[in-house]
Amino acid sequence: MAYLATLALARGRGAALIATLGVALGLSVHAVVTSFGAGELLLLYPWLYEILRWIGVGYLLFLAWEGWQTKEYSPDSKDLNSASGQLLLRGFLSNVFNPKSVLFFVSVVPTFVGLAPGHPDYPVRMAIFGSVYIGIATVIHTTIVVLAAQLRAWLLEGTHQNTVRRALAAALVGVAVWLIWATRH
């Protein structure tokens with residue numbers, strides 16, 4: 001959510017909405033993988049979870065570093081990262097490597113499904129629950145993007161543009177530190 005709000009402020013609503021679609025696709029991967037019982041691998045092999053966890057933290061820190069860089073913004077300037085495919089990929093990666101999302105689908109979702117992963121109806125119920133969850137999450141993410149985009153002109157006018165960018169980058173570092181703390185075993 002912090003990434004999407006930052007993106008909406010930095011590059012506008014359209015760019016952040018494309019990334020929101022990427023985030024939804026990342027959630028879809030978690031839902032599909034979990035529905036086929038592959039989430040159990042993370043429970044059996046904690047090192048696999050740790051790899052995913054640190055990739056997610058590293059990616060957040062990369063986004064923060066990128067946001068920290070001072071650059072003059074002009075509506076006519078073309079950023080290499082503003083292409084639709086690149087934004088979609090960034091949204092996807094920001095969520096597919098999100099250990100909190102992985103943990104949610106591995107440990108919380110099965111309790112709502114009410115069936116063991118080996119049950120024949122488990123994939124269908126996971127698909128239904130996963131679709132509902134992804135739909136709700138996408139509505140929330142879209143709302144965050146729209147609200148952040150409304151604040152964009154107010155926050156990014158004038159000389160304090162780089163200060164706001166750096167504050168948002170620092171917030172992403174804070175999210176990365178929180179992620180390290182909250183997802184440890």
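The values are calculated or read from the model by the stated rules, or taken from the named source; none is laboratory data. Quick caveat, the model's predicted, so the values are computed rather than measured. Methodologically, a virtual Cβ is constructed for each residue, glycine included, from the backbone with ideal geometry; neighbour enumeration extends over all protein chains shown.
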task: Determine whether region 168-183 contains at least one residue that is farther than 15 Å from L60 by Cβ and out of contact with any His (no Cβ under 9 Å at 6 or more places or on another chain).
output: no
task: Test G37 against the stated conditions and say whether it is on the phi > 0 side of the Ramachandran plot and at pLDDT below 80.
output: yes
task: Tell me which residues, restricted to region 103-117, are of a type outside the set (G, A, S) and out of contact with any His (no Cβ under 6 Å at 6 or more places or on another chain).
output: L103, F104, V106, V108, V109, P110, T111, F112, V113, L115, P117
task: Can you work out which of the residues in region 1-42 that are assigned to a loop (DSSP other than H, G, I, E, B) and touching a residue at least 60 places away in the same chain (Cβ under 8 Å) is surrounded by the fewest Cβ atoms within 10 Å (Cβ to Cβ)?
output: F36
message: Scan region 137-154 and tell me whether some residue there is assigned to a loop (DSSP other than H, G, I, E, B), in contact with a helix residue (DSSP H, G or I) (Cβ under 8 Å, 6 or more places away or on another chain) and of a type in the set (A, V, I, L, M, F, W, C).
response: no
field: In region 64-110, the residues that are at pLDDT 80 or above, more than 30 Å from P123 (Cβ to Cβ), among the aliphatic types (A, V, I, L, M) and not in a loop (DSSP other than H, G, I, E, B)
entry: A64, L87
task: Just give me the residues in region 109-152 being within 17 Å of the chain's Cα centre (by Cα) and aromatic (F, W, Y), in sequence order.
output: Y133
